[in-house]
Amino acid sequence: MRFLLPLFVALVVAATVAVPVLDQVTLRWFSRDLNSRGMLVANTLSDAVTEALLQKRPERLRSLFDRVVQDERLVAIGLCAPDDVLLFATERFARMLDCAQASAWAGQGDPRASVAGGAVHVGVHDIRAVAPPVTEAGSLEGAAPDLSLSPEQALAALGPGPGTVSEPVRIGRLVLLHDLSFIDRRSQDTRRYLIGLITALGALVALITVTVAQISWRGWVNGARAVLRGEGILTPLLPAPELQPLVVELRSRLRDLEDEYRRAQGPEVDWDAARLRSLLRTQLAGDQVIVVSNREPYIHERLDDRVVVRRPASGLVTAVEPVMRACSGTWVAHGSGSADRAVVDAGDRVAVPPGQHDYWLRRVWLSAEEEQGYYYGFANEGMWPLCHVAHVRPVFRESDWEAYKAVNQRFADAVVAEARSDDPVVLVQDYHFALLPAMVRERLPQATIITFWHIPWPNPESFGICPWRSEILQGLLGSTILGFHTRFHGKNFIETVDRYLEARIEHEHSTIAFREKETLVESYPISIAWPEAGDPDMARPVADCRRRVFERLALPADACLAVGVDRFDYTKGILERLNAVERLLEKRPDWQGRFVFVQVAAPTRSALDEYRSFQERVQRQAERINARFGTPGYRPVHLLAEHHEHDAVNELFRAADLCVVTSLHDGMNLVCKEFVAARDDEQGVLVLSRFAGAARELPEALIVNPYHVEETADALHRAASMPAAEQRERMASLRSTVREFNVYRWAGRMLADAGRWRLRARIEARVRRFQGG
Ligand code: F6P
């Protein structure tokens, strides 16, 4: 109807305009025809009329005129003298008009006249004759011929003069009246035909259009349906380009909906503590799990007369602790707290978490020399800089190496002592225990030893500078499974073994066989435990957290708050971060007075010169920036170089506008994942170093090269000015990733691989027994 109505209106307008135009045109054609016809009749009559005139016997024309007017179109004929005197006429002529009127009509150029009998076409045709040369008698031109003269005299009277050759002169006018009523009839017929034609055409156009529109519409609907079903454009009658804009819109909207749906649904297979526990029961038949790490998950400290429990700033502890709470078992670690000895039982064990008693913490005591050589010396002055590309030279001392070996043996003994069977699952953590896997393997050959290397593994050339490279590789190959955060680090390890040991490497299966023993090298990106519903960390609203942090630090109300939370370590890129903050304030002075950067830096390894001097440099840098850009009531950098408990860090994350992680090299980095987990309001921007393993998993962060001060400063600006909608889009996606790839998945994947490995080993043992029997 939307189409037919305009079409109908257009046709009516066309008809209204076309009919009068057509009338005009046909009338003009007919006039021309009647003129020609009249001329023909006049020519035909001319001789007879001339003769009758010259003979002064116009009545002789009667029969001729009567015959002529028998023609149905010619209604009357009149013969007028040049001075408009009617000389002779057919019967109806006089009733219709006189000669003067006829001359007047003819003079106007419009041949139509409305006369008594109806509309007529008036044709006036001169009758001319050639006169012989005559004397003074004058001419008849302009006057009625003198009917008393003989023909010869009459002609002579018309002549120009004596002796001259005469021109034809008008001796009368023949007036022909044609009936016009037939034109009206024809015009009405034409009008009827025209309207009929326009109507028929309109109907045809409407029919074609409606049919094509129906087909097109069906095509569009089918195409849209196909797109919705994900089948592509199945529109045989329509070319795809017509539907393309719709398809693009539909697809993008569908993708948005899918994303929203996926985010709302969460992962297909949710990994949580319960699932991990059930995996242990099914795949590992409830076998004992023993974790071994240097750092303990709970540190008992003496504070005045009280004993307080502290959680260390350690990514390792953040990740492994929830796994242990789910699996129970025993965690073997260095007892480093001042009150640690006071709270353990006779077997150096204490149940943790305090008050909940989910698992056992078995403490190993180290002397100051052992700690110095093994922890500060070999682990943190040798292995740490060796594995991190942070341009700090590793230091290898023989005495440190000896301490490292001895302490590894002490911990291996503790593991063996804690084992309740000959095949426990032992989870060895980090670079402090590179020798321990082989040591445990020697005493418990049936044990499943899963070693996780929490820091990067360098390329073979870099690793090759370690004087005890072969011993370290051999120690690690005591593991059943050796895990890294990324494939890249696993590949580096395999290449290092290839370079420095005689081992068989199966690249296809990522296994290394060394001295009849096989190790699977795999990547397991570590993560955090996703906060559960009702988690007390999320209880305080973001606005409250922000208000409290702003009050505590006396920040300007309109400040943009950026935070960094790290161990005070040179690999974390804290100096580079401060350089970027300074550059931002320099480049974009509008941030001065409004941009505040709060750096929480948990003191770590401060007994080492390298760390002390680094921490002092950071202090000086912060002071310099504050002196340069600070004003009364505004300090751009707040350096909080003290340990912060988990809830304080969480509050800071929830209060912040952005979180800055600019590690120069990092196995994974869990701070960024904790920030994401803290933002249940889906706001806040993560600025993340491309050299942290997490950058591969979290591309929705603003990824930066921390060595590039300009790029990092620009990223800070972009993060600080990011619209809320974009923040939500990015944060929602980050949250869905971290939630799905949580620490239970990390542990679950390793333990599931271990379960398969153990099953295979048992089958092989049975097969050997059959073969032996
Ligand atoms: O980054 C590797 C790592 O083991 C972390 O898991 C842990 O936070 C840190 O190194 C060890 O720190 P610390 O020497 O203070 O225990």
Checklist entry - Quick check: is even one residue across region 268-279 under 50 Å from the mean Cα position of the chain (by Cα), more than 16 Å from the ligand (Cβ to nearest atom) and hydroxyl-bearing (Ser, Thr, Tyr)? => result yes
Next on the checklist: Condition first: assigned to a loop (DSSP other than H, G, I, E, B) and hydroxyl-bearing (Ser, Thr, Tyr). Now tell me which residues in region 512-532 satisfy that.
Outcome noted: 524, 527
Checklist entry - Which numbered condition trips up residue 427, out of (1) within 16 Å of the ligand (Cβ to nearest atom); (2) open to solvent by less than 10 Å² (accessible area, probe 1.4 Å)? => result (2)
Item to check | Enumeration of residues in region 156-179 that are at pLDDT 60 or above, open to solvent by less than 10 Å² (accessible area, probe 1.4 Å) and among the hydrophobic types (A, V, I, L, M, F, W, C) | outcome: 171, 174, 175, 176, 177
Checklist entry - Of all residues in region 334-385, how many are open to solvent by 20 Å² or more (accessible area, probe 1.4 Å) and part of a helix (DSSP H, G or I)? => result 10
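Yes/no matrix, rows are residues, columns are (1) of a type in the set (Ser, Thr, Tyr); (2) more than 29 Å from the chain's Cα centre (by Cα); (3) open to solvent by less than 50 Å² (accessible area, probe 1.4 Å):
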{"residue": "653", "(1), (2), (3)": "no, no, yes"}
{"residue": "656", "(1), (2), (3)": "no, no, yes"}
{"residue": "672", "(1), (2), (3)": "no, no, yes"}
{"residue": "691", "(1), (2), (3)": "no, no, no"}
{"residue": "702", "(1), (2), (3)": "no, no, yes"}
{"residue": "706", "(1), (2), (3)": "no, no, yes"}
{"residue": "732", "(1), (2), (3)": "no, no, yes"}
{"residue": "754", "(1), (2), (3)": "no, yes, yes"}
Checklist outcome for this item: Flagged in region 664-720 as small (Gly, Ala, Ser) and within 16 Å of the ligand (Cβ to nearest atom), in numbering order, are 667, 689, 692, 693, 694, 695
Checklist entry - In this structure, does residue 376 turn out to be touching a Phe, Trp or Tyr at 6+ places or on another chain (Cβ under 8 Å), within 15 Å of the ligand (Cβ to nearest atom), farther than 30 Å from residue 764 by Cα and in contact (Cβ under 8 Å) with a residue 24 or more places away in the chain? => result no
Checklist entry - Within region 360-371, can one find any residue that is in contact with a Cys (Cβ under 8 Å, 6 or more places away or on another chain), at pLDDT 95 or above and away from the ligand (no atom under 14 Å from the Cβ)? => result no
Next on the checklist: Being among the hydrophobic types (A, V, I, L, M, F, W, C) and surrounded by 14 or more Cβ atoms within 10 Å (Cβ to Cβ) narrows it down to one residue among 100, 76, 94; which is it?
Outcome noted: 76
Checklist entry - When the residues of region 292-333 are filtered to those that are within 11 Å of the ligand (Cβ to nearest atom) and open to solvent by 10 Å² or more (accessible area, probe 1.4 Å), which remaining residue is modelled with the highest pLDDT? => result 295
Checklist outcome for this item: Taking region 281-291 and keeping residues surrounded by 23 or more Cβ atoms within 10 Å (Cβ to Cβ) and either modelled with pLDDT under 95 or more than 16 Å from the ligand (Cβ to nearest atom) (or both) leaves 289, 290
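The values are calculated or read from the model by the stated rules, or taken from the named source; none is laboratory data. A quick note: this is a predicted structure, and the numbers were derived from the prediction, not measured. Reconstructed Cβ throughout: ideal geometry from the backbone, glycine too, with neighbour counts over all protein chains shown. Note: areas computed on protein heavy atoms with side chains; ligands, DNA, RNA excluded. Shrake-Rupley method; radii C 1.70, N 1.55, O 1.52, S 1.80 Å.
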